[in-house]
There are 4 protein chains.
Amino acid sequence: MTLTGWTLPQSPTGKSSMLPAPPWHYSGEVIAVDFLADVDKVAGYVPDGFTPAGDGSCSFVFCDWASAADHDPRIKGDPSKGQYKEAYLVIHGAWGDRRAGRVPFIYVDSELSIVRGLIQGFPKKLGSIHMTRPVELGKGGSRKAPGEMFRAHVSAHGRRAVDLTVTIDEQRDKTYPKGVAAPLIHTRLWPSIDGDEPAVYEISRGTIEGFEVGTVWHGSAELEIGSPEHEEIADLAPISVGDGWVLSLAFSVTGGTSEPIAAKGAAS
Amino acid sequence: MTLTGWTLPQSPTGKSSMLPAPPWHYSGEVIAVDFLADVDKVAGYVPDGFTPAGDGSCSFVFCDWASAADHDPRIKGDPSKGQYKEAYLVIHGAWGDRRAGRVPFIYVDSELSIVRGLIQGFPKKLGSIHMTRPVELGKGGSRKAPGEMFRAHVSAHGRRAVDLTVTIDEQRDKTYPKGVAAPLIHTRLWPSIDGDEPAVYEISRGTIEGFEVGTVWHGSAELEIGSPEHEEIADLAPISVGDGWVLSLAFSVTGGTSEPIAAKGAAS
Amino acid sequence: MTLTGWTLPQSPTGKSSMLPAPPWHYSGEVIAVDFLADVDKVAGYVPDGFTPAGDGSCSFVFCDWASAADHDPRIKGDPSKGQYKEAYLVIHGAWGDRRAGRVPFIYVDSELSIVRGLIQGFPKKLGSIHMTRPVELGKGGSRKAPGEMFRAHVSAHGRRAVDLTVTIDEQRDKTYPKGVAAPLIHTRLWPSIDGDEPAVYEISRGTIEGFEVGTVWHGSAELEIGSPEHEEIADLAPISVGDGWVLSLAFSVTGGTSEPIAAKGAAS
Amino acid sequence: MTLTGWTLPQSPTGKSSMLPAPPWHYSGEVIAVDFLADVDKVAGYVPDGFTPAGDGSCSFVFCDWASAADHDPRIKGDPSKGQYKEAYLVIHGAWGDRRAGRVPFIYVDSELSIVRGLIQGFPKKLGSIHMTRPVELGKGGSRKAPGEMFRAHVSAHGRRAVDLTVTIDEQRDKTYPKGVAAPLIHTRLWPSIDGDEPAVYEISRGTIEGFEVGTVWHGSAELEIGSPEHEEIADLAPISVGDGWVLSLAFSVTGGTSEPIAAKGAAS
């Protein structure tokens, strides 16, 4: 009998696999902020070939995701499988002559997402993530409306990594906040078990289709980046904080492209 | 100096208290199902003075809550404090000559909610709760629209207590599903530490204001009730399953009323 | 039919109750440190009638507990029910003319423990707690032996409340570290739902039997107390840090005693 | 500047990496049971070249681990980083002419362990794991002694996967229970992002040094294997249950060996 499955665990049916191959679909609620970090520090967190924006331009993005996969309906069907929260820092810049983003730190709160992310080159770790969820009526929560506050925070190993608050001032249609709009340049890295060189070491990009932004709300923002014990995210702490955003977002990942990296940089 | 605070921990300022006195405000997203349980079993789970509906009529309700408190803005302000998920069974019937509900089992996923609930007489335990969160756009999740599926489940100590699915068929305005609409008759019970009789043993009712139901969607439903090791909820397993509901809900609790119970039933 | 159970939820059998009445039994592994806090701050956290030691003497104690209850074998029988971790600060002093301790802040990681604690007057909240677990062999962890390090930390809502490290220097038999040895003076507080005065407001003490200390290891210690958003524990931050301890501990709680408090201090 | 780190996330220092390259050290407390599963089912879960024992011989092993890494002292130093619980099924058989084991299902409760495991070819998912922790004194828990019960269970996505109980009858020195003693034959599988063939698809074995078994206790056992929604572990449910074991264990992983697999079996 043959063991099958796109990821481990493999089984005779493939149904135990953590996840199937793309296409994967994402629908989410975003709370984000744009900010400037130290230019020299930013330069240390991008791969060869990526040119940072020059002013230390970054965004921090939280997203409450629902996700689905064409080849496994259980992912959309079980909220404990396909839904999760994500928090990531993105450095703005260019890859060759095209606008691009780079994610040096990202946290999620599900096993599926951590593995699906690592496969794409997102450097995911687990975090404890909380985000203000917009409400439709009543006085228990915040609505998407001027004057309302949306807060999001992520902690790693019991220490706060990032805490941000957006106070909405106005709706801005036809706006694509840069924190969510740039094509991302990832490093796919998977160690070998029997040698010094990685088994996989590639620059990769996701193939994105159906990118949609729903209603976009703009606001003022506050951002705090802490110093969790096992993270270096404080290197990219804000020097100044810019626009805040609250929006709905959706897209699909249908695959990706990759090119090898010379492995010398991977030695630990 | 004087220690103060509505609940423990008390401190000089009262700011360490788990929560302040009411008013408390709630805004939530509900997934619910009506069902019939065994009439004799239902009769065993209501207090003296409560008359069950006669046909074993019950509902199971999941709610994703945002909550706030007039006397502590940190509860609305911090999503890790005021937001939580809840799952409860309600038995339908009457208290005296008025329609009423009784909640024999309820699970939440936050410390604030477990303590705030016990104070009111909700018999809360911790559970791991997941609910389909409606999405606004894209293919990653379910929208509130005909044909879409909403699933919710709760587990206690790693065993599934309840798993339900609602498949929406139509919108139903001006409808108050009975699972969320009945005044609840609670038992407030707090043991003494130095005697056989409880220190508090009362029938209590919350004082509700500003009850609002948003858009209401109706659908067909499936419901599974399991047998977690430390629960007896399987006593109230469905004999037949009725209407399913997906809706938004809001109300405020401004206080409550209570009357003593003769304590003989409380001996363990 | 009569609803029964020492706590909520009550049921026809009483088997759904979160826990039964005492006796309760505890066996644990402790990592603790003695320290001095600000004398004036300490004075603000004790009830009338409790005299703090005068030098701001406190201990912070972590314990990895296994617990059992005579009237419910499921608590010892299911590790997800009876086992949990606890972290608490104790202020040293006297109650009348007898040595006593007062616990202003305490965190646990289980529902059973939070409710069992509140019933006794421990001001429990949920925390995320990690402690170095001693190992018997190999190089993966720390042994109870000179030169070995034991670390423990607790976080509340994603912020570190307390982080301590003990580096063992020697075994000390027949020693009862004061952090675990003092009788504790608690405030039992349970709000009413329909009035300004608490329903229960008492000074209480547990009745302890079978107190045993196993092998006791002494060491040097480091202690950091942080500022979680919903806590005031930073009021009691260390001015100087003293002895560290690693030990095994066991006792039983067979009940308690209580006396009413005039309620004026309880207003929130 | 060069990005470095054995795994993602890479950074200028390498200190953000989830983990460093081996050597890794492990010290743990094991609760395990030997059992027979369906011979045909077992045959479906082993890779080409692995010969199952013929009688469906398997073990299920829980372990409470403390782990360390030579190249990152923070892993031993922080109990939230290096300590975790693990639960796995092992199929007994041979690889070529040597005794060997194969792990088709394994659950852990830490991010470090899930990634470190996938790198080695362990098919790890996250689970909620509880194990009876042995106590030294008192009546709160179980000691390693005849008549005492040790229970362990793991749940995935809120459904119980495995629940086992060992009741100790006697000490057995110089015994290596087969659940922990066999060299394991893994499949290292890492998908590509831009093609049908995996980027990594290898048979791998860990290089183990310093294997030590502490005091070994034997007992009778009960074993229940459930049907979590996203797992097929019920395929390997027990037909008969054999010996139970409670023991301490330690070893080091200093690296591994690997050989490519023809990729045709990996299609999802």
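Determine if the stretch C:87-94 includes at least one residue that is surrounded by fewer than 21 Cβ atoms within 10 Å (Cβ to Cβ), away from chain D (no Cβ under 11 Å) and part of a loop (DSSP other than H, G, I, E, B). Spell out how you get there, then give the answer.
To start, the set of residues in the stretch C:87-94 that are surrounded by fewer than 21 Cβ atoms within 10 Å (Cβ to Cβ) comprises C:94.
Retained after the next criterion (residues that are away from chain D (no Cβ under 11 Å)): C:94.
Imposing the further condition that a residue be part of a loop (DSSP other than H, G, I, E, B) reduces the set to none.
No, the stretch C:87-94 contains no residue that is surrounded by fewer than 21 Cβ atoms within 10 Å (Cβ to Cβ), away from chain D (no Cβ under 11 Å) and part of a loop (DSSP other than H, G, I, E, B).
Taking the stretch A:2-52 on its own, how many of its residues are on the phi > 0 side of the Ramachandran plot and free of Cβ contacts under 8 Å to residues at least 60 places away in the same chain? Outline the logic, then answer.
Pass one, the stretch A:2-52, residues on the phi > 0 side of the Ramachandran plot: A:5, A:14, A:49.
Okay, now just the ones that are also free of Cβ contacts under 8 Å to residues at least 60 places away in the same chain, so A:5, A:14.
Within the stretch A:2-52, residues that are on the phi > 0 side of the Ramachandran plot and free of Cβ contacts under 8 Å to residues at least 60 places away in the same chain number 2.
Every residue in the stretch C:123-136 that is within 19 Å of B:Ser17 (Cα to Cα) and surrounded by fewer than 23 Cβ atoms within 10 Å (Cβ to Cβ), please.
C:Leu126, C:Ser128
Check off (1) out of contact with any Phe, Trp or Tyr (no Cβ under 9 Å at 6 or more places or on another chain); (2) over 30 Å from D:His153 (Cα atoms) for B:Lys139 and give me the number that stays unchecked.
(1)
Looking at C:Ala156, C:Ala237, C:Ala161, which one is over 23 Å from C:Ile114 (Cα atoms) and either of a type in the set (A, V, I, L, M) or surrounded by 15 or more Cβ atoms within 10 Å (Cβ to Cβ) (or both)?
After ruling out the rest, the residue left standing is C:Ala237.
Let's see how each residue does on (1) of a type in the set (Ser, Thr, Tyr); (2) closer than 27 Å to D:Asp235 by Cα; (3) more than 17 Å from the chain's Cα centre (by Cα):
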site: D:Ala21; (1), (2), (3): no, no, yes
site: D:Ile31; (1), (2), (3): no, yes, no
site: D:Ala37; (1), (2), (3): no, yes, yes
site: D:Asp48; (1), (2), (3): no, yes, yes
site: D:Thr51; (1), (2), (3): yes, yes, yes
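Out of C:Asp72, C:Asp55, report the one residue that is more than 14 Å from the chain's Cα centre (by Cα), within 14 Å of chain D (Cβ to nearest Cβ) and at pLDDT 95 or above. Break it down into steps so the answer makes sense when it comes.
Details: C:Asp55 fails: within 14 Å of chain D (Cβ to nearest Cβ).
Answer to the check: C:Asp72.
Out of B:Pro79, B:Pro73, B:Pro20, B:Pro12, report the one residue that is within 29 Å of C:Lys125 (Cα to Cα), in contact with a Phe, Trp or Tyr (Cβ under 6 Å, 6 or more places away or on another chain) and not charged (D, E, K, R).
Exactly one residue qualifies, and that residue is B:Pro20.
Listed here are the residues, each with its yes/no results for (1) touching a strand residue (DSSP E or B) at 6+ places or on another chain (Cβ under 6 Å); (2) over 30 Å from A:Gly77 (Cα atoms); (3) among the basic types (Lys, Arg); (4) in contact (Cβ under 8 Å) with a residue 12 or more places away in the chain.
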site	(1), (2), (3), (4)
D:Ile203	yes, yes, no, yes
D:Glu212	yes, yes, no, yes
D:Thr215	no, yes, no, yes
D:His230	no, no, no, yes
D:Gly242	yes, yes, no, yes
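Here's a check for you: in the stretch B:208-240, which residue that is within 22 Å of B:Lys85 (Cβ to Cβ) and of a type in the set (Val, Ile, Thr) is farthest from the other protein chains (Cβ to nearest Cβ)?
Restricting to residues being within 22 Å of B:Lys85 (Cβ to Cβ) and of a type in the set (Val, Ile, Thr), the top hit is B:Ile225.
Out of everything in the stretch D:95-108 that is at negative phi and over 12 Å from the mean Cα position of the chain (by Cα), what residue ends up being surrounded by the fewest Cβ atoms within 10 Å (Cβ to Cβ)?
Keep residues of the stretch D:95-108 that are at negative phi, which gives D:95, D:97-108.
The next check asks that each one be over 12 Å from the mean Cα position of the chain (by Cα); those that pass are D:95, D:97-100.
Values: D:Trp95: 20, D:Asp97: 7, D:Arg98: 9, D:Arg99: 13, D:Ala100: 21.
Here the residue is D:Asp97.
Being β-branched (Val, Ile, Thr) and in a strand (DSSP E or B) is the filter; apply it to the stretch A:231-265 and report the residue that is farthest from A:Val39 (Cα to Cα). First the steps, then the outcome.
Here is the first cut: in the stretch A:231-265, the ones β-branched (Val, Ile, Thr) are A:233, A:239, A:241, A:246, A:253-254, A:257, A:261.
Those still in the list that are in a strand (DSSP E or B) too: A:241, A:246, A:253-254, A:257.
Details: A:Val241: 14, A:Val246: 26, A:Val253: 31, A:Thr254: 34, A:Thr257: 29 Å.
The extreme case among them is A:Thr254.
So which of A:Arg160, A:Arg143 ends up being over 19 Å from B:Asp109 (Cα atoms) and assigned to a strand (DSSP E or B)? Quick ask: steps written out before the conclusion?
Numbers: A:Arg143 fails: assigned to a strand (DSSP E or B).
Matching residue, one of A:Arg160, A:Arg143: A:Arg160.
Can you say whether C:Gly195 is of a type outside the set (S, T, N, Q) and modelled with pLDDT under 95, as far as the supplied structure shows?
Working: of a type outside the set (S, T, N, Q): yes; modelled with pLDDT under 95: yes.
Yes, satisfied.
Determine the pairs where a residue that is without any contact (Cβ under 8 Å) to a residue 40 or more places away in the chain, located within the stretch D:109-123, has a partner that is among the hydroxyl-bearing types (Ser, Thr, Tyr) and assigned to a helix (DSSP H, G or I) with Cβ atoms under 9 Å apart, the partner being 6 or more residues away or on another chain.
Between residues of the stretch D:109-123 that are without any contact (Cβ under 8 Å) to a residue 40 or more places away in the chain and residues that are among the hydroxyl-bearing types (Ser, Thr, Tyr) and assigned to a helix (DSSP H, G or I), the close pairs are D:Ser110/D:Ser80.
Just for the stretch D:125-141: of the residues that are at the interface with chain C (Cβ under 7 Å from one of its Cβ atoms) and β-branched (Val, Ile, Thr), which one is farthest from C:Val216 (Cα to Cα)? Full working, then the answer.
We begin by selecting, within the stretch D:125-141, every residue at the interface with chain C (Cβ under 7 Å from one of its Cβ atoms); these are D:130-133, D:135-141.
Right, trim to β-branched (Val, Ile, Thr) and you get D:132, D:135.
Working: D:Thr132: 23, D:Val135: 15 Å.
Here the answer is D:Thr132.
Looking only at the stretch C:110-121, which residues are more than 8 Å from every other protein chain (Cβ to nearest Cβ) and within 12 Å of the chain's Cα centre (by Cα)?
C:Ser113, C:Arg116, C:Gly117, listed by residue number.
When the residues of the stretch C:186-207 are narrowed to those that are in contact with a Ser or Thr (Cβ under 8 Å, 6 or more places away or on another chain) and part of a loop (DSSP other than H, G, I, E, B), which ends up nearest to B:His186 (Cα to Cα)?
Only one residue fits best here, namely C:Ile193.
Test B:Arg151 against the stated conditions and say whether it is charged (D, E, K, R), in contact with a strand residue (DSSP E or B) (Cβ under 8 Å, 6 or more places away or on another chain) and either facing chain A (nearest Cβ under 10 Å) or part of a helix (DSSP H, G or I) (or both).
Values: charged (D, E, K, R): yes; in contact with a strand residue (DSSP E or B) (Cβ under 8 Å, 6 or more places away or on another chain): yes; either facing chain A (nearest Cβ under 10 Å) or part of a helix (DSSP H, G or I) (or both): yes.
Judged against the criteria, B:Arg151 is a match.
I need the full set of residues from the stretch A:185-207 which are facing another protein chain (nearest Cβ under 7 Å) and either under 14 Å from D:Ser192 (Cβ atoms) or hydroxyl-bearing (Ser, Thr, Tyr) (or both), in order please. Steps first, answer last, please.
Pass one, the stretch A:185-207, residues facing another protein chain (nearest Cβ under 7 Å): A:187-191, A:193-194, A:199-200, A:204.
Selection gives A:Thr187, A:Arg188, A:Leu189, A:Trp190, A:Ala199, A:Val200, A:Ser204.
Return a yes/no flag: does the stretch D:62-82 have any residue that is over 27 Å from D:Val241 (Cα atoms), free of Cβ contacts under 8 Å to residues at least 12 places away in the same chain, out of contact with any strand residue (DSSP E or B) (no Cβ under 8 Å at 6 or more places or on another chain) and outside any strand (DSSP E or B).
Yes - at least one qualifying residue is present in the stretch D:62-82.
Within the stretch B:215-227, restricting attention to residues that are out of contact with any Lys or Arg (no Cβ under 6 Å at 6 or more places or on another chain) and at pLDDT 95 or above, which residue is nearest to C:Pro9 (Cα to Cα)? Talk me through it step by step, then tell me what you get.
Our first condition is that a residue be out of contact with any Lys or Arg (no Cβ under 6 Å at 6 or more places or on another chain); within the stretch B:215-227, this holds for B:215, B:219-225, B:227.
When the remaining residues are screened for being at pLDDT 95 or above, the result is B:219-225.
Values: B:Gly219: 31, B:Ser220: 30, B:Ala221: 27, B:Glu222: 26, B:Leu223: 22, B:Glu224: 21, B:Ile225: 17 Å.
Among them, the one singled out is B:Ile225.
Any residue that is within 14 Å of chain B (Cβ to nearest Cβ), under 21 Å from A:Arg99 (Cα atoms) and either in contact with an Asp or Glu (Cβ under 7 Å, 6 or more places away or on another chain) or in contact (Cβ under 8 Å) with a residue 60 or more places away in the chain (or both) - is there at least one of those in the stretch A:157-177?
No - not one qualifying residue is present in the stretch A:157-177.
If we keep just the residues of the stretch B:1-40 that are acidic (Asp, Glu) and surrounded by 23 or more Cβ atoms within 10 Å (Cβ to Cβ), which is nearest to B:Ser59 (Cα to Cα)? Break it down into steps so the answer makes sense when it comes.
Pass one, the stretch B:1-40, residues acidic (Asp, Glu): B:29, B:34, B:38, B:40.
Filter once more, so that each one left must be surrounded by 23 or more Cβ atoms within 10 Å (Cβ to Cβ): B:29, B:34.
On the way: B:Glu29: 16, B:Asp34: 4 Å.
That would be B:Asp34.
Can you spot a residue in the stretch C:246-258 that is more than 19 Å from the chain's Cα centre (by Cα) and touching a residue at least 40 places away in the same chain (Cβ under 8 Å)?
The first filter runs over the stretch C:246-258 and keeps only residues more than 19 Å from the chain's Cα centre (by Cα), leaving none.
No.
When the stretch D:4-37 is examined, which residues are found to be part of a strand (DSSP E or B) and within 7 Å of chain A (Cβ to nearest Cβ)?
Those that are part of a strand (DSSP E or B) and within 7 Å of chain A (Cβ to nearest Cβ): D:Thr4, D:Ser11.
The values are calculated or read from the model by the stated rules, or taken from the named source; none is laboratory data. Just so it is clear, the structure is predicted and the values come from calculations on it, not from any experiment. Glycine gets a Cβ as well: all are built from the backbone with ideal geometry, and neighbour counts include every protein chain shown.
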